[in-house]
Structure formats: structure tokens, C-alpha cells
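Below you'll find the structure, written out as C-alpha cells, and then a few comments.
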Amino acid sequence: QKGKVATLALGYQGWTPALIQMGALDMGLSEEELPDIARRWRAANPRICALWNSLEAAALAAMETGQAQATHGLLFALEGDLAYGQRFLTVRLPSGRKLHYPKPFLAENDKGRLALHYYRPGKGKEKWEPVSTYGGKLTENVVQAIARDCLAETLRRVDAAGLQVVFHVHDEV
């Protein structure tokens, strides 16, 4: 159980607050133990950490240069809609579908590092507010979007086989 909590909390670049939010303290772990758990998880999962870093680097490079950046089968690009005057950082997924980050810009984040920022609907949904993001969050967005594309393709195949979908949740039909 503790391993699952660590993977869920740390898999997208989380740190001790993520472990706490996922219930680490309720499982009998102390706050003092959490940084070591996070460090050990990262040491045991260097390829996941490298993925966070490469997605963040590709997003920043696309923003800085205006040139599309490819990594891990994904394509980060700046795109605009001239008719509406909108600009997006997009991520083209293996399916061809795109994720859109509206009105992207680069600025320092709360840790003093250059970061991608974009606009999202605010709490009342009538106003949009800027939010910063990072490699782990980009990774989470991409992984969830690819999982959705896999599920959609599976649902099409199940239907084509003449089977009825009774229920589906997350990645299971």
C-alpha cells in the first residue's frame, strides 16, 4: 500500500506535500521520513524523472524559439488562430489529437525558475487566470490524454466486434 501511495504521489514530480495529500501520514509515516522516501523513489525511477525533464525542456524550447520541439513521440509547438487572435502551446499526441495551453508565456515560477505559464478558467469560470506548470504536470497531462485515446480506440474496437459496452471506468471496459 505504501508503495502505491508513493508512486501515485511522486510519479508526476510530487514531493512531500503530495505524499501527505495521498495519506502518507495516515499510514503511520512521519513527516521526517517523507523527503527520504521521495529521494529514493526518484533514484529508483530515473527514466520517469528524465521524462519530466525532457517534456519541460521541449515546452520551454518551443516557447523560447518558436520552433516545434519533438520528444518521446510528442510534438510541442506554438500555434495561433489569426481569426480570433488566440495563441496556444500545443502538444500533438501519438493519436494526432492535441492538448492546448492557451495564451502561453514564460515567467519565473514560485521557485524562482523560468517556467511555462498559461491561462485557465478561474474559480468562478467567468474569468481566466494564469497558472504555471512544470515537467511533472505536463507528463501527467500527456499520460492521461494518451490513456483516454487508448480507451476511445478500445471502445471503437469493442463496438466493431459487435459487443456491447456495459460500463467503462478509467482504462477498463
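The values are calculated or read from the model by the stated rules, or taken from the named source; none is laboratory data. These figures come from a predicted structure and were not determined experimentally. Using ideal geometry, Cβ is built from the backbone for each residue, glycine included, and neighbour counts are taken over all protein chains shown. Note: areas computed on protein heavy atoms with side chains; ligands, DNA, RNA excluded. Shrake-Rupley method; radii C 1.70, N 1.55, O 1.52, S 1.80 Å.
Of note:
- Per-peptide packing, taken as the mean over residues of other Cβ atoms within 10 Å, places 15-27, 130-142, 75-87 in the sequence 130-142, 15-27, 75-87 from highest down.
- Environment charge at Glu140 (Cβ cut-off 13 Å; Lys +1, Arg +1, Asp -1, Glu -1): +1
- What separates the Cα centres of region 56-100 and region 101-163 is a distance of 12 Å.
- Counting only Cα atoms, the chain measures 56, 53, 36 Å along its principal axes, largest extent leading.
- The Rg/Rh ratio of region 46-135, with Rg taken over Cα atoms and Rh as the Kirkwood radius over Cα pairs, comes to 0.98.
- Placing dummy labels 7 Å off each Cα toward the beta-carbon, the span from His168 to Ile146 is 1.9 nm.
- Solvent-accessible area per residue, Å², over the chain with all protein chains present [probe radius 1.4 Å]: 65 Å²
- Summary value for region 52-133: 17 percent relative contact order, contacts being C-alpha pairs under 8 angstrom separated by 6+ residues.
- In order along region 40-48, the Karplus-derived 3J(HN,Hα) couplings, from 6.51 cos²θ - 1.76 cosθ + 1.60 at θ = phi - 60°, round to 5, 4, 5, 5, 7, 10, x, 6, 5 Hz, and Gly and Pro are given as x.
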